[in-house]
1. Are there any helices in the chain, counted as whole DSSP H runs, that stretch 24 Å or more along their axis by Cα and score at least 0.5 on average by Kyte-Doolittle, and if so which?
2. Run the paramagnetic zone check for residue 105: 7 angstrom along Cα to Cβ, then residues of segment 1-28 with backbone nitrogen under 15 Å.
3. How much length is gained on full extension from residue 29 to residue 11, taking 0.36 nm per residue of separation minus their Cα-Cα distance?
4. Among 105, 44, rank each residue by its count of other Cβ atoms within 10 Å, from fewest to most, as a rough exposure measure.
5. Taking the alpha-carbon centroid of each part, what is the distance from segment 83-161 to segment 1-46 in angstrom?
6. Treat each spin label as a single point 7 Å out from the Cα along the C-beta direction, and report the residue 67 to residue 1 distance in nm.
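Quick note: the coordinates plus some simple rules give every number you see, no bench work behind them. Computed from a prediction, not measured in an experiment: that's the story for all the values here. When we count neighbours, we look across all protein chains shown, and the Cβ atoms used for this are built from the backbone with ideal geometry, even at glycine.
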Amino acid sequence: MTRLDLFIARMVSQRACLDHAIALTADMTGPVFELGLGNGRTYHHMMAHITGRDVYVFERAIASHPDSTPPEDRVILGDVRETLPATVARFGAGASLIHADLGGHDAEKNVRFAREVSPLIEPLLAPGGLMVSSDRMFFDTLVEQDLPTDAIEGRCFIYKR
């Protein structure tokens, strides 16, 4: 696959998995966490499709498109390795949906980072909640789920508590 093909596969899979997870968690009331805002495309997509739940964004620094910038009271600034543990104290295991697109272009570095943040993410997810990630994660109690039919294997992952 070309880099363009890989990018398209990731975007198609990300949208399919997010839409699937949003639908499956629609009756839940807990907050939604977006780990990594970037340009804000997935945040914008989630805001268009999620109702009745607050969406909090975790980011080092906001640099998103103005149409995709969350309100200040829904932004948790800092390194997720520090902000996620503090969020457990604030929200407990209450998140209905967590989306993470935190990796970069270095596969080995992505695996190391996923191993580091997985135990920080796991205690935030409510029973029945879903975690969607662009990278494979390493959880003790969350179970990897089948992908929706329009997602491409290895380009997105879904986990359930």
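1. Helices meeting the span and hydropathy rule in the chain are 3-24.
2. It comes to 2-8, nothing else.
3. 3.8 nm
4. 105, 44
5. 12
6. Spacing of the two 7 Å Cα→Cβ label points: 2.7 nm.
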